[in-house]
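The values are calculated or read from the model by the stated rules, or taken from the named source; none is laboratory data. Owing to the predicted nature of the structure, the values given are computational and were not obtained by experimental measurement. Every residue, glycine among them, receives a Cβ derived from its backbone with ideal geometry; neighbour counts consider all protein chains shown. Please note that ligands, DNA and RNA were not included when accessible areas were found on the heavy atoms of the full protein model with its side chains. Shrake-Rupley method; radii C 1.70, N 1.55, O 1.52, S 1.80 Å.
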Amino acid sequence: MTHRRVEVPVIARVEGEGALHITARDHEIVDLRLEIYEPPRFFEAFLRGRAYHEVPDIVPRICGICPVAYQMSAIHGFEELFDVRVPEGVRELRRLLYCGEWIESHVLHVFLLAAPDFLGYHSAIEMAKDHPDLVRTAIAIKRVGNDVMELIGGREIHPVSPRVGGFSRAPRRRELEALLPRLEQALERMPGIADLVGSLERPSLPRRAELVAMVHPEEYPMNEGTMASTEGRRWTFAEYETVTRELHVEHSNALHSVIAETGTPYHTGPLARLNLNADHLTPVARECLRRAGLSLPDLDPFSSMAARVVETALAIEEAIRLIRAYEPPDPPMAEVVPRAGRATWATEAPRGTLYHRYDVAEDGTILEAKIVPPTSQNLRHMEEDLRTFVPGVLDRSDEELTRLCEMVVRNYDPCISCATHFLRLDLRRL
Amino acid sequence: MTAPTKPRVAVFKMASCDGCQLQILDAEDALLELAGAIEIVHFAEASSDLRPGPYDITLVEGSISTPEQEAQIREIREASKVLITIGACATAGGIQALRNATGRLEEFVRTVYPTPAYVRSLEDSRPVADYVPVDLELTGCPIDRGELLRAIASLLAGARPRVSTSPVCVECKRRGTVCVVVARGEPCLGPVTRTGCGAICPRFGRGCYGCFGPAQAPGNAEALGRRFIELGLRPKEAADRFRFITGWAPAFREAAARLEEVER
């Protein structure tokens, strides 16, 4: 028997630290573990004893890539518990801010993190030498997403204006309107980008999977809605912790989520949202769906990149609509009077559903906090996908196999600092 | 004749949210230009091509929070000519330093993780400079892109980088921003916090919450805390204003401790 041990240093271009261990004999996986060694930071512990109004400044520090998601899940939860009625216009401004984050995060992932895989480069910087126009287009689209966030939030990483009750400051109409020409240009480029993504040769992974996302009767979900799955499950935010369950596995500092009733993993993120919310696609997004070659339902995780392109178009169209209709909320913030109880809420972060729960004392002090990020909900499914996928490609070279495993993980756009940075592939062929 | 070699730059991450590294990626245009002047040889978030040292300039994000990181930062220091720490985590331990000096790590682990035995963590989350000599610290949560790019440009020109040490208040006066303490009685850390952000919070109608850490000439953080108590905060609330994003920075840590004594 030949025993071969190969160390391939790094799955890069994911956010957070981890390693993948595979032991294989012929065409069978003997052992496969996705190990997360992102150091624990204990947010849920040190949130206790802090005031509710400090939470929107604390939780975005969990992830620099989706700070708005963390702020929104917390803020909405407190507002529901405290029965706060936000001033007219706040809801729209929040959706606009979230659109900025979707654009920025999706474009970062599609072009800077994932596209180099498909085109055979180590990084977008390297890719830029051969495809300067593509990289410049991506940067321009990402920039306008960042600018939406900066204009509303003061800065794109850890925005300062979102508060429980509204915003500390609302932008003027003219400030937002100045973004319209660049948003319109970005939208014009999207169908061409969808063509490009549709033309890329991509692996496929036929599988059975339960996809989970928020749904909303009138719009593509971001801040509001209820939970749904492709297996017909429906639940409210208050039921989140009874319908799903977190497991602690020895090889990971991130917890794994499963559906409580069946013990099976689920997949949250753009592909799940798209499958469950196709009725609410905007016109250009719908065109991108077609041109990227997607037809729904589509459970193949390798379709995730195309789903992000569709959602980028949607977020740009929504941003344009919201800016055209914008009336600045005045005042930008409602008065907030805390009360004791339990706040539960979820919103749709770019990489999936982000659930928060806070138990709050009468004076608004946090007694207990629970945060379930999309990446930890997806971890078990990443392992599952790898188990399904790897046996079929074990005859490839170590280098090629590493690249393919990276792509399987990257389909989930894992923000591993919220759960785990690089993935080291440790492959043993027995 | 061989072409002059470009300075080799590396980016590493410890315990953090990735936000400061993202500031590098968000400097898209500048990054592509800079890519002509430097060679990024290790940046895991951006590239799968990771090369070993030695490095001319190394940027480190994140705090030292596990035994492995303690060993890793010593290796990184060995391999680096110039070591720059970026962000509140790398320069002050970050918000995760809220666990420091509580004596409650074990209980914290139990609160977050069902199986505490699986988790390895140092008692404290500490700045990089507590373990190895650091050549330049860029504070902020996140760092300011302009400050980072100017620091790298200075190094490339062979000059010593300079960062502003004046407080946020100076920035507000320069910009003509209305003072949130004077106008609205809102607690603001602007008088004692280093500027660098451009005084974003006061411009957005709220008090500064200290992302850039204590200013070099901080005035008196404790006195500011006492002013917060006059404005209506309980001593614990006043202390918590300092015990926050950069709470483990000595000036803020001491102010918080003294204000807590008032509570008792």
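Think of it as helices only: each DSSP H run of n ≥ 4 in chain A is worth -39500 (n - 2.57), and spread over all residues that comes to -12000 deg cm²/dmol at 222 nm.
For chain B, the relative contact order comes to 16 percent (Cα pairs under 8 Å, sequence separation of at least 6).
Taken across both chains, chains B and A shield about 5500 Å² of accessible surface from a 1.4 Å probe. Straight distance only, please: which lysines reach the Cα of A:K129 with their own Cα at less than 26 Å, same-chain residues fewer than 8 apart left out? A:K129 reaches A:K142, B:K6.
When the alpha-carbon atoms of the protein assembly as shown are used, the pair Rg, Dmax equals 24.0, 79 angstrom. The value given for segment A:269-421 is a Kirkwood hydrodynamic radius of 18.6 Å, derived from the mean inverse Cα-Cα separation. Quick one: Cα centre-to-centre distance for segment B:156-177 and segment A:273-298, in angstrom? For segment B:156-177 versus segment A:273-298, the Cα centre distance is 48 Å. Among residues other than A:A319 with Cβ under 15 Å from its Cβ, the summed charge is -4 (Lys and Arg +1, Asp and Glu -1). Per residue, the accessible area of segment B:159-261 comes to 44 Å² when a 1.4 Å probe rolls over the protein heavy atoms. Ligands, DNA and RNA left out, the accessible area of segment B:8-156 computed with a 1.4 Å probe is 51% carbon and sulfur. Only Cα sites of segment B:106-264 enter the Debye sum here, all with the same form factor; the resulting log10 I(q)/I(0) across q = 0.09 1/Å is -0.37, listed in q order. Return the loop-located GluC sites (Glu not before Pro) in segment A:75-128 (DSSP other than H, G, I, E, B) with at most 16 other Cβ atoms within 10 Å of their own Cβ; answer none if there are none. The qualifying sites are A:E88. The fraction of all Cα pairs in segment A:136-180 landing in successive 5 Å bins from 0 to the largest distance is 6, 22, 25, 23, 15, 7, 2, 1, given as whole percents.
Taking the 1.4 Å solvent-accessible surface of segment A:23-176 as the whole, the part contributed by carbon and sulfur is 46%.
Ligands, DNA and RNA left out, the 1.4 Å accessible surface of segment B:168-263 is 53% carbon and sulfur atoms.
Other residues within the sphere of radius under 13 Å centred on the Cβ of A:P191, judged by their own Cβ, net out at 0 (K and R +1, D and E -1).
Residues of segment A:157-178 whose accessible area (probe 1.4 Å, heavy atoms of protein chains only) drops by at least 20 Å² once all protein chains are present, relative to their chain alone: A:I157, A:H158, A:V160, A:S168, A:R169.
Looking at segment A:317-356, the GluC sites (Glu not before Pro) that sit in a DSSP loop and have at most 16 other Cβ atoms within 10 Å of their own Cβ are A:E335.
Per residue, the accessible area of chain A comes to 34 Å², computed with a 1.4 Å probe over protein heavy atoms only.
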